[in-house]
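Working notes for the structure below.
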Amino acid sequence: NLKIIAIIPARCGSKSIPDKNIQSVNGKPLIAYTIEHSLRSKHIQRTIVSTDSEYYSLIAGSFNAEVAFLRPAALALDHSTDLEVFDHALNWLKKYENYEADIVVHLRPTTPIRDIADIDGMIELLIKNKEADSIRSVVKNTETVFKMWFLNQHGYLSPVITDKRFVEGYNMPRQALPLGYVQNASIDVTRAATILKKRSMTGDKILGYVMEDNYDIDY
């Protein structure tokens, strides 16, 4: 009985590659791949694109995504946050359609390669773990965080990780240190209440879903 939607954020103001989200990749606009991933999920009931562009909305609609609204320009700036974008979308749906989602799947257009089983598996894990606020896809970090540093204005280093269990972890053999993971921005699944009530895209209790690969074109 849960209402499960996907929101695909696709603003038109990319600086590194102009109109990145609709650039042709193997004959299709980049965003089309993510729309198709969402539509193929057995759990996602609505696939919604949040964009500030009329042109983007036409492209998204041609691939069967919903574009019920245009995102305000103030929420499509370089410093606009995911929380602002998703809060706007959820509140718009409630105000104009009396529709309240339970679970929100965040799919970024910059990941044109995904396994649909991962999307459904993450949704199922979040439903099963009722205490969790969200679940985020991660990959194993190739470099241990124990050997990473901050550099202050005076040129001195301070370790990123200070853990009493691993005193001077930066001087320990890599094999003796715990494995780290980095978010790969492929799939995030969040309870709508986490966004609307906790004012967070992840909340406090974040499940990890380990993937083998990272296909984010930004990197």
- Selection from the stretch 161-178 of residues open to solvent by 50 Å² or more (accessible area, probe 1.4 Å) and touching a strand residue (DSSP E or B) at 6+ places or on another chain (Cβ under 9 Å) yields 168, 170
- Message: I'm trying to understand the selection: among the residues of the stretch 129-160, which are open to solvent by 60 Å² or more (accessible area, probe 1.4 Å), assigned to a loop (DSSP other than H, G, I, E, B) and among the hydrophobic types (A, V, I, L, M, F, W, C)?
- Response: 148
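Here is a yes/no grid of residues against (1) of a type outside the set (Lys, Arg); (2) closer than 27 Å to residue 14 by Cβ; (3) touching a Lys or Arg at 6+ places or on another chain (Cβ under 7 Å):
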{"residue": "106", "(1), (2), (3)": "yes, yes, no"}
{"residue": "116", "(1), (2), (3)": "yes, yes, yes"}
{"residue": "131", "(1), (2), (3)": "yes, no, yes"}
{"residue": "144", "(1), (2), (3)": "yes, no, yes"}
{"residue": "154", "(1), (2), (3)": "yes, no, no"}
{"residue": "182", "(1), (2), (3)": "yes, yes, no"}
{"residue": "185", "(1), (2), (3)": "yes, yes, yes"}
- Considering only the stretch 179-199, state which residues are farther than 16 Å from residue 101 by Cα, open to solvent by less than 30 Å² (accessible area, probe 1.4 Å) and not aliphatic (A, V, I, L, M). 180, 184, 186
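So that you can scan it fast, the table gives a plain yes or no per residue for (1) among the small types (Gly, Ala, Ser); (2) touching a Gly at 6+ places or on another chain (Cβ under 7 Å); (3) farther than 23 Å from residue 211 by Cα:
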| residue | (1), (2), (3) |
| --- | --- |
| 21 | no, no, yes |
| 28 | no, no, yes |
| 44 | no, no, no |
| 65 | yes, no, yes |
| 81 | no, no, yes |
| 84 | no, no, yes |
| 97 | no, no, yes |
| 112 | no, no, no |
| 117 | yes, no, no |
- Across the stretch 106-128, the tally of residues that are within 16 Å of residue 45 (Cβ to Cβ) and either at pLDDT below 95 or not in a helix (DSSP H, G or I) (or both) stands at 2
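For (1) touching an Asp or Glu at 6+ places or on another chain (Cβ under 9 Å); (2) open to solvent by 20 Å² or more (accessible area, probe 1.4 Å), each residue gets a yes or a no:
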residue	(1), (2)
71	yes, no
78	no, yes
86	no, no
93	yes, no
97	no, yes
114	no, yes
- Message: Quick test for you: out of 79, 88, pick the one residue that is over 20 Å from residue 23 (Cα atoms) and either of a type in the set (Val, Ile, Thr) or not in a helix (DSSP H, G or I) (or both).
- Response: 79
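The values are calculated or read from the model by the stated rules, or taken from the named source; none is laboratory data. Values in this document were obtained by computation on a predicted structure and should not be read as measured data. Ideal geometry is used to build each Cβ from the backbone, glycine not excepted, and the neighbour counts take in all protein chains shown. Protein only, heavy atoms only, side chains kept; ligands, DNA and RNA dropped before computing areas. Shrake-Rupley method; radii C 1.70, N 1.55, O 1.52, S 1.80 Å.
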